[in-house]
Amino acid sequence: MTKAEEFELALSELRFRTENERDVIANLSNASAVLKAHMDNVNWLGFYIVRNNELVLGPFQGLAAVTRIAVGKGVCGTAVEKNETQLVADVHAFPGHIACDLRSRSEIVIPVRAAGKTVAVLDIDSPELNRFDAEDEKYLTMATELLGSCCEW
């Protein structure tokens, strides 16, 4: 299966799982499991929810993680501060990187937006350098758009 086909399958399953569910925790929990199951070379995948100018750990798949991150700190906090996706080929070259899993080498963080504001981020780490590309960004953005619109934030 191509990467695009795998993502299309994941998005289809995500649409099905969120179709009649508005709860944020339920939907983010299923989204983390669905996306992790459809992505190769990923060692951590989850969400941080924006609360009171910081990010609080939400549903995830992987090792135990940092529970709170200030806006502007690390890759996740930078994504919220700049309100844009962060595609990091080598996390060790990112100033202030916060490691949840020491095996992580690359990372992508995509804002989840609802009603025009960032309400969470999707954070994905890989033990492989330069693991994520524009195709990952395209499909993962589609997933975050779905989550931003289907949940009661």
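Of note:
- Restricting attention to the stretch 89-105, the residues being touching a residue at least 24 places away in the same chain (Cβ under 8 Å), within 16 Å of V121 (Cβ to Cβ) and not in a helix (DSSP H, G or I) number 3.
- Residues that are assigned to a helix (DSSP H, G or I), β-branched (V, I, T) and in contact (Cβ under 8 Å) with a residue 60 or more places away in the chain within the stretch 8-48 comprise T18, V24, listed in sequence order.
- Matching residues, the stretch 81-107, being among the aliphatic types (A, V, I, L, M), out of contact with any helix residue (DSSP H, G or I) (no Cβ under 6 Å at 6 or more places or on another chain) and open to solvent by less than 60 Å² (accessible area, probe 1.4 Å): A89, V91, A99
- Annotation: of all residues in the stretch 4-45 being polar (S, T, N, Q) and open to solvent by less than 40 Å² (accessible area, probe 1.4 Å), the one that is farthest from the chain's Cα centre (by Cα) is T18.
- Under the condition of being in contact (Cβ under 8 Å) with a residue 60 or more places away in the chain and under 17 Å from A4 (Cα atoms), the residues counted in the stretch 112-137 number 3.
- Within the stretch 61-74, considering residues that are under 24 Å from N30 (Cβ atoms) and free of Cβ contacts under 8 Å to residues at least 60 places away in the same chain, the one surrounded by the most Cβ atoms within 10 Å (Cβ to Cβ): I69
One line per residue, one yes/no per condition, for (1) out of contact with any Leu (no Cβ under 6 Å at 6 or more places or on another chain); (2) modelled with pLDDT under 95; (3) farther than 12 Å from W44 by Cβ:
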{"position": "V71", "(1), (2), (3)": "yes, no, yes"}
{"position": "E81", "(1), (2), (3)": "yes, no, yes"}
{"position": "G96", "(1), (2), (3)": "yes, yes, yes"}
{"position": "D101", "(1), (2), (3)": "no, yes, no"}
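- Here E128 does not fit the description of being open to solvent by 20 Å² or more (accessible area, probe 1.4 Å), of a type outside the set (G, A, S), closer than 23 Å to L11 by Cα and not in a strand (DSSP E or B).
The values are calculated or read from the model by the stated rules, or taken from the named source; none is laboratory data. Since the model is a prediction, treat every value here as computed from it, not as a measurement. Don't worry about glycine lacking a Cβ; one is built from the backbone with ideal geometry, like all the others, and counts go over all protein chains shown. With ligands, DNA and RNA removed, areas are computed over all heavy atoms of the protein, side chains included. Shrake-Rupley method; radii C 1.70, N 1.55, O 1.52, S 1.80 Å.
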